[in-house]
Structures are given as C-alpha cells and as structure tokens.
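The values are calculated or read from the model by the stated rules, or taken from the named source; none is laboratory data. These numbers were taken from a predicted model, which means no experiment stands behind them. Every residue, glycine among them, receives a Cβ derived from its backbone with ideal geometry; neighbour counts consider all protein chains shown. Each accessible area value is taken on the protein alone, full model and side chains, heavy atoms only, with ligands, DNA and RNA left out. Shrake-Rupley method; radii C 1.70, N 1.55, O 1.52, S 1.80 Å.
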Amino acid sequence: MIPYSTQLIEEDDIASVVEILRSSHLTQGSKVKEFEEAIAHTVGAKYCVSFNSATSALHGAYAVCGLGEGDEIITTPISFVATSNMAIALGAKPIFCDIKMDGNIDENLIEGLITSHTKAIVPVDFAGKPVKIHTIHKIAKKHNLLVIEDACHAFGGDINHQKIGSFADMTIFSFHAIKPITTGEGGAVVTDNEEFAQKLRLFRSHGIVKEQLWHSDMVEMGHNYRLTEFAAALGLSQLHKVDRFINIRETIGRYYDERFEHHPLFTTIFIDPSHQSARHLYPLLLIPELHCVKEEIFTQMQERGLGVQVHYKPIYQNSFYKERYGEMHLSRAELFYRSELSIPCHQKMTMENAKYVADTVLEIIGKYTYGGCNF
Ligand SMILES: *Cc1c(COP(=O)(O)O)cnc(C)c1O
C-alpha cells in the first residue's frame, strides 16, 4: 500500500536519536532548545516553543491569549478536530466559517461572523496551500482580533518566499509522523510576541518558574506538554531535509497536475506559482455526478494499493459538536467533503510510484465516464 502520506526516516535521523538515547538527558536537556531555535530561524519568527503535539500547542496558544468562557474563535470546519477542540477545552465556542473549493477558509465570509465575543481568527492552510493571510490579517487588525494560524499541513511552505510562520500572531506546526517533517509526535508554536512565548513555556511545564537552588514557584496553571530530547534530535535532523522533502512532493504534485489536467470527472487544486504549498496532501475533487460512487472508487483504489483518505468530515458533523451546538450546514464545506479524495503524495515515493498512482486513478475513475450517478 502506498499511503497518502508517511514519514521518511534515514540512517542519519536514526543516528541522531541513538546519540541522545546514549546521553545523560532524555528530557529537559539542550536539544529541545536547539530544535526550537532552528525552527524559529527557518520560518523567520523570533520565538519557537515546542510541544509534545500540535494539539497541546493549540491548547497553549489559545490559553496564553486568554481565550475562555464566553469567547469565540472563527475557524474552518475543514480541519482536524483539534483545531476547534482545544478552544472548547478552554470554554470558548468555535464559530465555523464556510470555505472555498480549495479547502481553505473563505476570507470574504469572516467579517460577517465577527461579534463582540470574537477573540481570534484561526485559519488552516489546508493540504499545505497557504491561506489568504494578508486579507485575514487586515480583517483581524480592523476588529482588534488575533490571528492564530493552524499550519499543521504547511511547515516549510511560503508566500512569495516568505515562510509560513512569519505572518500570524501565533502559528502552530505539527510534527506528527505523517506531517511535513516529524518528531514522532510533536508540535510547536512560533511567534514574535515575547509575552506569548514566555507564557507558552510556563503552560507547557506546570506553570513553574525556577528560582535559585531548589526554590521554584508555580505561578500559572500548567501541564506537562514537553517534547523529549530524542524527539527534538529527530526533528533537528529532519529539519535539514525539509527543502528536499518539499521538492519531492512538489515534483509529484506537478506531475499529477499535468496528468489530470482537464479531466471531465474530477478537478485538482490550483496553487499560485508565487506560493509554495508544503503539499502535505494531494486532493482530488470528484464532480457531483460521481459522489454516489465515491465509496466504490475509494475501495477500488485501496484494493489496488493506493492508501487514499478523505479530508475532512466537516467538524460540526461530529456527534460531540452536534450534541453541543445542534445541526448546522455550510454548503461548500459539505460539497468539498463529498468531493474530496486525497491520493498518495510524499517524500518516500519514487516517480515510478507516482506514475502508478496516476495511471491507477485515471483507470479507475475513467470507468465511470458513461456511468456516474446522474448520467
Ligand atoms: C495533524 C493536525 C493537528 C493535530 O496535530 P497533532 O500533532 O497530531 O496533535 C491539528 N490541526 C491540523 C490541521 C492537523 O492536520
């Protein structure tokens, strides 16, 4: 099976982890700091605070900007549940904004959702494609809101050569195994705001401030959301490879773009040539006439060794959300969910693999030319 995304671990990655395993510090040593400085430097942010997942990083980002009971964030339903879950964990309410057919939040609809309770706008760079961050920033500024960018798909991407991570008040990355680079599990918040960075460090580690000798003081509620030293060592080793990884995914993405151009039964997502998508996912969008056979298409692709997946069920359609907030409908988010199919695209694939994937996709979908739902 060729998975839709996976990690690429090489001998030097393994060696850097083993080195830490043989050392004196498995946690709270110097590697985490080194990793954080390298991440901040790479993306052009002043501070990076690492976490043991992007979920805990989101929890931290929301907490340090004071999000709580009665507050709202405006976010996208086409994301992994953690984006909105962590706001709910603090007592806040996610307000879902509809999307565009590239999977990203529709920046033109954001302003209409702002209320006196809104604290932050939380866009997600879906599949790695950068959101319209400048427009979102302007809206936020006008209404005195924060922009917290969930860039879990987008590490290494850029807009006109300026890296994702240098635009928002806080940007969150994931280093989960199948994300652009990995620490196994892991995440980070990058920011230029010193106060946020300080509070994030406290939130990550029990809210304890170390003083002299054995003296310490717990000054804020905190958690243990720390990354281990060996995870940071893996992250550092992976970080050196991020451009190569993105190049491979970009090459495969462009190859698919060409193979699938002008197909009558599905479309792909356009990426502005002046933007670099991290190409975390390669989504196909089936035309509505194929929605009734999507399960069939999905199963056939899996049977032929394509580890396809669907990203994402609109978050508000999950039982937890329905029970809490009732039924809601956003037409493009739902159309996108019915249309979307993510096919394999990652740094472990060869061009031969990519050719096999493209051939197989065209063969399987091609069978429906005369037999879709409403033909
Ligand atoms: C993966 C992901 C997360 C959660 O990341 P973890 O590191 O697994 O906690 C959050 N948001 C988005 C958009 C993601 O893709």
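Taking K and R as +1 and D and E as -1, what net charge do the other residues with C-beta under 14 Å from the C-beta of His25 add up to?
Working: positive: Arg22, Lys31, Lys33, Arg226; negative: Glu19, Glu34, Glu229.
Computed value for this residue: +1.
Mind checking which lysines have their C-alpha under 16 Å from Lys179, skipping anything on the same chain fewer than 8 residues away?
Leaving aside lysines fewer than 8 places away in the same chain, those within reach of Lys179 are Lys129, Lys241, Lys348.
May I ask you to compute the full-extension gain from Glu289 to His263, defined as 0.36 nm times their residue separation minus their alpha-carbon distance, rounded to one decimal in nm? Mind showing how you got there, number by number?
Details: separation 26, 0.36 × 26 = 9.36 nm, distance 1.36 nm.
Result: 8.0 nm gained on full extension.
Over 18 Å, how big is the tail of the calculated P(r) for segment 19-66, in percent of all Cα pairs? Mind dumping the intermediate values first?
Working: 502 of 1128 pairs.
That fraction is 45 percent.
How many angstrom lie between the C-alpha centres of segment 1-54 and segment 342-375?
34 Å
Whenever you get a sec, line up Cys97, Cys373 from highest to lowest accessible area (probe 1.4 Å, protein heavy atoms).
Values: Cys97 0, Cys373 45 Å².
Largest accessible area first, the residues go Cys373, Cys97.
Less than 11 Å Cβ to Cβ from Cys65, Lys/Arg counted +1 and Asp/Glu -1: what total charge do the surrounding residues give?
On the way: positive: Lys119, Lys199; negative: Asp71, Asp169, Glu195.
Taking every Cβ under 11 Å from that of Cys65, the sum is -1.
Pull out the extension gain between Lys33 and Glu323, defined as 0.36 nm times the separation in residues minus the alpha carbon to alpha carbon distance; nm, one decimal. Please report the intermediate quantities before stating the final value.
On the way: separation 290, 0.36 × 290 = 104.40 nm, distance 4.19 nm.
That pair, Lys33 and Glu323, stretches by 100.2 nm at full extension.
Could you order the peptides 266-277, 15-26, 190-201, 143-154 from most to least packed, using the average number of other C-beta atoms within 10 Å per residue? Intermediate values should be presented prior to the final figure.
Details: 266-277: 16.4, 15-26: 13.2, 190-201: 19.0, 143-154: 23.7.
Packing order, densest peptide first, comes out as 143-154, 190-201, 266-277, 15-26.
With axes computed from alpha carbons, what is the tilt in degrees of helix 133-142 against the longest principal axis of the chain, rounded to the nearest 10 within 0 to 90?
The answer is roughly 50 degrees.
Taking the convex hull of the Cα atoms, report for the chain its projected area averaged over all directions, in nm². Could you put the intermediate results ahead of the total?
Working: hull surface 78.4 nm².
Averaged projected hull area, Cα only: 19.6 nm².
Set Lys and Arg Cβ to +1 and Asp and Glu Cβ to -1, take the dipole of the chain about its Cα centre, and tell me which of Thr350, Ala57, Leu113 lies farthest positive.
Projecting each Cα onto the dipole axis, the largest value belongs to Leu113.
Quick one: which of 214-225, 39-50 comes out on top by average Cβ neighbours within 10 Å, and what's the full order, highest first? Walk me through the numbers before you get to the answer.
Numbers: 214-225: 12.1, 39-50: 20.8.
So the peptides 214-225, 39-50, ranked by packing, come out 39-50, 214-225.
Any chance you could look up the accessible area of Asp106 with a 1.4 Å probe, heavy atoms only, rounded to 10 Å²?
10 Å²
Could you give the length gained on full extension between His143 and Leu213, defined as 0.36 nm per residue of separation minus the Cα-Cα distance, in nm? Mind dumping the intermediate values first?
Details: separation 70, 0.36 × 70 = 25.20 nm, distance 4.62 nm.
Difference between extended and current length: 20.6 nm.
Suppose the Debye formula is applied to equal point scatterers at every Cα of segment 230-368; what is log10 I(q)/I(0) at q = 0.11, 0.16, 0.18, 0.19 Å⁻¹?
Those come out to -0.50, -0.93, -1.07, -1.14, one per q.
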